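Values in this text are rule-based calculations from the coordinates and carry no lab data. Values in this document were obtained by computation on a predicted structure and should not be read as measured data. Positions of Cβ are backbone-derived with ideal geometry, glycine not excepted, and every protein chain shown enters the neighbour counts.
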Amino acid sequence: MHNKIKTSAQNNSKKPQPGFWTRFAISLTIVGGMLAANFSSKAAESFNVEVIGSGKPVLMIPGLMSDERVWRPTAQALADKYQLHLISIAGFAGTTAITGDLLPTVKQELLQYIAQQQLTKPAIVGHSLGAFMAFSLASSAPDSIGTVIAVDGLPYLAPVFSRDSNTTVAQVMPQAEYFKTLYQGMNSEQLANMTTQGVQIQAISEAHQQLVIAMAAASDPRSVGQAVYELLTTDLRPQVHNIKSKVLLIGAGGALRSEAELIAANALYQQQIATIANATLEFNREARHFIMLDQPDWLTRRIADALKD
């Protein structure tokens, strides 16, 4: 086992930083080279897929209330060497919603998609909720999944609220029920307003912040509430030791205000991947939650390096 921690040398102490831990609950409201192929299809009930490029297969999964747009620029930069499958999950950013369980359905249908498309050990690149999905896929089907690159997302979300790695599902069940009811009772305007309150810790530029808000406004409240509930009540930490492939977990440090907060975040993130045999943790000190928007070139290089091995 060789879990490593690496911190990006980038740092900008002058930039105003909103509180990370105290405002993470608001941030849950967030929570696109040469093209050899470029097509979109309804791959399953729980997601759509856009495929570009050719080569080794890579699935790119966005986060809560996001769609393929957040990953398309990164995919286009990698398309001369890789076949990128850009996923848009049902109910997020205008994608048609489904009823019933959301994330378990997405996982099962993604595994079916991998088998049907005969994708050999595809790499999984996931952001936030998409990173949770990457951990879920790799721990459930370790022989079918290749490299995992988790971008500011974890096997279990609740400890980010509590700042305690010992937090259990039973302890956060009341909060999970509350958030589910809260989000499912909202309309599009309320989703957008809630997202606006925390958008400063999501992305740096105003243009990217407006994209985040627009995707939230186009999302289905029932799907958002269901996803938040499932994230808070599903702890993958007991099963991630099943993962056989290489894992790179990248944290966003741009909203951290001090070295003490960075140390705390490092410890929390490291605990969640401690049982994975080949896992590396790295923080980018400049980017906020949407690292692919704030630091696109940096993240593309890190993904490309991880995919080479």
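Could you tell me what % of all Cα pairs in the chain have separations over 29 Å?
Taking all Cα-Cα pairs of the chain, the fraction more than 29 Å apart is 28 percent.
Strictly over 30 Å apart at the Cα level, which of 121/180; 81/180; 180/308; 107/308; 56/107 would you flag in this model?
Distance filter (> 30 Å) returns 121/180; 81/180; 180/308.
According to a simple spin-label model (label point 7 Å from Cα along Cα-to-Cβ), what is the distance in nm between residue 140 and residue 197?
3.2 nm
So, counting K/R as plus one and D/E as minus one, what does the shell of residues with Cβ under 13 Å around residue 99 add up to?
Net charge around residue 99: -2.
Give me the one-decimal nm value for the distance between modelled label points at residue 305 and residue 169, 7 Å along each residue's Cα-to-Cβ direction.
Output for this residue pair reads 3.6 nm.
Can you bin every Cα-Cα distance in the stretch 210-309 into 5 Å intervals starting at zero and give me the percent of pairs per bin, rounded to whole numbers?
2, 10, 15, 16, 21, 21, 12, 3
Can you give the helix-only mean residue ellipticity at 222 nm for the chain, where every DSSP H stretch with n ≥ 4 adds -39500 (n - 2.57) and the sum goes over all residues, rounded to the nearest 500 deg cm²/dmol?
-12000 deg cm²/dmol
Take the alpha carbon gyration tensor of the stretch 72-154, find the square roots of its eigenvalues, order them as a ≥ b ≥ c, and report rounded if a/c is under 1.5; if not, report prolate when a/b exceeds b/c, else oblate.
It is rounded, given that a/c, with a ≥ b ≥ c, falls under 1.5.
FRET efficiency for residue 214 and residue 101, Cβ-Cβ distance as r, R0 = 22 Å, nearest 0.05?
0.25
Could you calculate the FRET efficiency of residue 241 with residue 111 from 1/(1 + (r/R0)^6), where r is the beta carbon distance between them and R0 is 22 Å, rounded to 0.05?
0.70
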